[in-house]
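Structure record follows, encoded as C-alpha cells.
Derivation of every value follows stated rules applied to the coordinates shown; laboratory data play no part. Bear in mind that the values here come from a model prediction, so they are computed numbers and not experimental data. Ideal geometry is used to build each Cβ from the backbone, glycine not excepted, and the neighbour counts take in all protein chains shown.
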Amino acid sequence: MSFTGRPTTYLETVIENNGFFPDLSLGDFQKMYGIPAEVIQEKAEHLLRVSIIDVNDSLLDQQNAWQAAGHVTLEAVPAQQIGGKSRLLIQYQRAAFALATAMAFRQYATVTRREIGEHKVAESLDTEQMYRAESNRALRNLRGIDTNITAELI
C-alpha cells in the first residue's frame, strides 16, 4: 500500500527495444527506482522510451563492436553473472532507469517562487544530477571504462 492509502500496483507494460538491447519493464522501473505507482502510465512510458533512445545512442559504437564480434544481443555477450543475470544487462538497465529517473526529477521540479519552492527545486536538480551520474557510470562500465574520468589527447 502506498502513502496515499491506495493499493500499490505497478505498470505491467514492457517497452520494446531495438532487438540488440533488452526490452525494459515499466514495473521494474517503478519498483527499482522508487517511481510512484500514481505516475501516469503515458508519462512513465515516455520517460523510459526517451532514456532508452539516449542510452542506445550512447552505446552505438560499443553495440557495433559487440555485433562485429558475432554477438546478436547484449545478453549473448559473455559477461560475469550476478544472481543469474548478466552483469552487462544489469548495467544497461541501470543506465536506462537512472536516466529516466533523472528526467523525471527535472520534469517534477516545482516552479513556485516561495523560499520553500526554491529549496525543493535545488534539491530536485541535485537529485537529477546524481541520477545522471549514475547513468553515466553504468554507460562507462558497459564500454569497459573503469574510471569516472577520461582524458584524450586532441
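Listed values, structure above:
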item: Compactness relative to 2.2 N^0.38 Å, alpha carbon Rg of region 36-88; result: 1.49
item: Contour excess over end-to-end distance, with Cα ends at Val72 and Ala133 and 0.36 nm allotted per residue; result: 19.1 nm
item: Size of charge dipole - region 14-142 - debye, nearest 20, with Cβ of Lys, Arg +1 and Asp, Glu -1, no other charges; result: 260 debye
item: Region 14-142: C-alpha pair distances exceeding 23 Å, %; result: 36 percent
item: Ranked packing of 53-60, 34-41, most packed first, by mean Cβ within 10 Å; result: 53-60, 34-41
item: Estimated inter-spin distance, Arg106 and Tyr10, nm [label 7 Å along Cα→Cβ]; result: 2.5 nm
item: Residue-wise HN-Hα coupling along region 40-47, computed from phi with Karplus coefficients 6.51, -1.76, 1.60 (Hz; x: Gly, Pro); result: 4, 4, 4, 5, 4, 4, 4, 4
item: Segment Ala79-Asn18, length gained on full extension (0.36 nm per residue, minus Cα span); result: 19.9 nm
item: Extended-chain gain in nm, criterion 0.36 nm per residue less alpha-carbon gap, Met32 and Ile145; result: 38.2 nm
